[in-house]
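What follows is a set of notes on a single structure, which appears directly below.
The values are calculated or read from the model by the stated rules, or taken from the named source; none is laboratory data. Keep in mind that this is a model prediction, so the values were computed, not measured. Glycine gets a Cβ as well: all are built from the backbone with ideal geometry, and neighbour counts include every protein chain shown. All accessible areas refer to the heavy atoms of the entire protein, side chains included, with ligands and DNA or RNA removed. Shrake-Rupley method; radii C 1.70, N 1.55, O 1.52, S 1.80 Å.
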Amino acid sequence: MNRATLPQPRVMVARIFHESHGFSPLPTPQDCFLVSRGDAVLSEARGSGTTLGGIISALDAAGVELMPVLSASAPPSGLVEHDFYLSLKQEILAAVKAHAPDAIALELHGAMGTTVLPDAEGDLLRDLRLAIGPDGVIGVGLDLHAHLTEAMLVASDICIACKENPHSDVVACGEKVARGILSVLDGSLRPVSTLVKIPMLLPGGNETATGPLRDLHDMARGLAAQAAGTWDISLYNVFRFLDDAGMGQAVVVTSAEGTEMSARAAASELGEAFWRKRSEFVDHLMSIDEALDHVAEHAGTTPYVLADMGDRVLAGAPGDSTAIL
Ligand SMILES: [Zn+2]
């Protein structure tokens with residue numbers, strides 16, 4: 001089918017969002033997830049400040065027919081119970097097979113693992129590609145803490161991340177995913193993704209407005225402006241509480257077909273810059289002894305809260321460390 005002749009694309013939308021802490025002994029069951037289906041997915045996402053909200057607002061503006069399937073999200077916690085993940089995947093696959101959309105637009109975190117599969121998003125996208133076929137368009141907006149894998153890139157046409165931490169630009173990321181999908185559908189964009197992986201985790205320096213990540217994002221913007229045909233450069237700072245093969249920072253340059261040489265050069269340059277800056281990614285945290293000495297010296301002046309960053313519940317840890325106690 002010639003995509004350029006389609007009168008009004010039909011785009012399926014879905015969201016599965018979970019950052020899975022691979023070292024937590026507690027799996028994440030179904031009842032930890034907020035799940036909505038059908039039109040509730042659209043009403044909840046519109047104006048929600050999420051990537052899916054951005055996807056939907058841009059597709060609404062383009063007059064596209066939206067086909068909502070489901071939205072499932074939970075705060076960071078242990079690995080997702082595999083059968084629950086499979087049930088979500090089957091629900092989306094069944095909708096694709098039943099309605100044969102022209103495209104699928106997804107918000108995924110990108111660092112979700114199940115009790116069986118370390119790369120849940122790669123598995124999901126691979127099966128979605130098989131279901132929609134080679135002519136269907138798949139666009140994905142990820143968190144920049146995704147564990148980006150080759151499987152995710154191979155299966156999708158558009159696969160990009162938000163650019164800021166704190167994540168203040170997720171709506172813009174969603175809008176860009178939607179615009180990318182529409183451009184692929186009308187034939188004006190034929191994207192090719194170039195991936196460079198750097199074998200390092202970030203123990204600190206994770207914010208993008210300061211420090212080494214600000215420099216790297218400035219560099220990415222400069223390279224995007226220079227490298228011919230560049231459509232997007234996403235820098236991934238993988239969620240560090242995972243234990244999967246191929247873990248590390250990732251640079252993905254998405255460019256128009258025919259400009260892979262300059263994309264490869266830009267991605268390599270950014271990868272080398274990550275590596276050169278590896279010693280700058282540190283947070284200067286107090287040891288427990290230093291923190292307790294500080295509290296003792298200032299006793300009675302103010303309340304103190306001691307947080308154990310190695311057992312960080314905001315990142316999905318179980319919060320059961322007794323080290324400070
Ligand atoms: Zn994140």
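Quick one: count up the residues across region 209-220 that are free of Cβ contacts under 8 Å to residues at least 12 places away in the same chain and in a helix (DSSP H, G or I).
Initially, region 209-220 is screened for residues free of Cβ contacts under 8 Å to residues at least 12 places away in the same chain, giving 210, 214, 218.
The next check asks that each one be in a helix (DSSP H, G or I); those that pass are 214, 218.
Summing the residues that are free of Cβ contacts under 8 Å to residues at least 12 places away in the same chain and in a helix (DSSP H, G or I) in region 209-220 gives 2.
Condition check: open to solvent by less than 10 Å² (accessible area, probe 1.4 Å), within 28 Å of K97 (Cβ to Cβ) and outside any strand (DSSP E or B). Does L148 satisfy that?
Working: open to solvent by less than 10 Å² (accessible area, probe 1.4 Å): yes; within 28 Å of K97 (Cβ to Cβ): yes; outside any strand (DSSP E or B): yes.
The answer is yes for L148.
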Scanning region 291-325 residue by residue, the ones that are loosely packed, with under 14 Cβ neighbours inside 10 Å and closer than 28 Å to H145 by Cβ total 12
Taking region 153-168 as the region of interest, how many residues are touching a Cys at 6+ places or on another chain (Cβ under 8 Å) and away from the ligand (no atom under 13 Å from the Cβ)?
2
Pairs under 6 Å by beta carbon, first residue more than 16 Å from the ligand (Cβ to nearest atom) in region 138-152, partner open to solvent by 10 Å² or more (accessible area, probe 1.4 Å) and polar (S, T, N, Q), six or more apart or different chains?
I138/S156
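Out of the helices (runs of 4 or more DSSP H) lying entirely within region 30-111, which hold 1 or more residues that are within 16 Å of the ligand (Cβ to nearest atom) and within 17 Å of the chain's Cα centre (by Cα)? Break it down stepwise before answering.
Values: elements: 39-45, 51-61, 82-99.
Hits in region 30-111: 51-61.
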Which listed residue, of T194, T208, is polar (S, T, N, Q), crowded, with 20+ Cβ neighbours inside 10 Å and within 16 Å of the ligand (Cβ to nearest atom)
T208
Residues that are out of contact with any helix residue (DSSP H, G or I) (no Cβ under 6 Å at 6 or more places or on another chain), at pLDDT 95 or above and within 15 Å of the ligand (Cβ to nearest atom), drawn from region 239-255
A250
Tell me, yes or no, whether region 179-186 has at least one residue that is in contact (Cβ under 8 Å) with a residue 60 or more places away in the chain, within 16 Å of the ligand (Cβ to nearest atom) and buried (at least 22 other Cβ atoms within 10 Å of the Cβ).
no
Of the residues A100, A105, which is of a type in the set (G, A, S), assigned by TED's automatic domain parsing to the domain that holds S57 and surrounded by fewer than 22 Cβ atoms within 10 Å (Cβ to Cβ)?
A100
Determine whether V171 is buried (at least 18 other Cβ atoms within 10 Å of the Cβ), modelled with pLDDT of 95 or more and within 16 Å of the ligand (Cβ to nearest atom).
yes
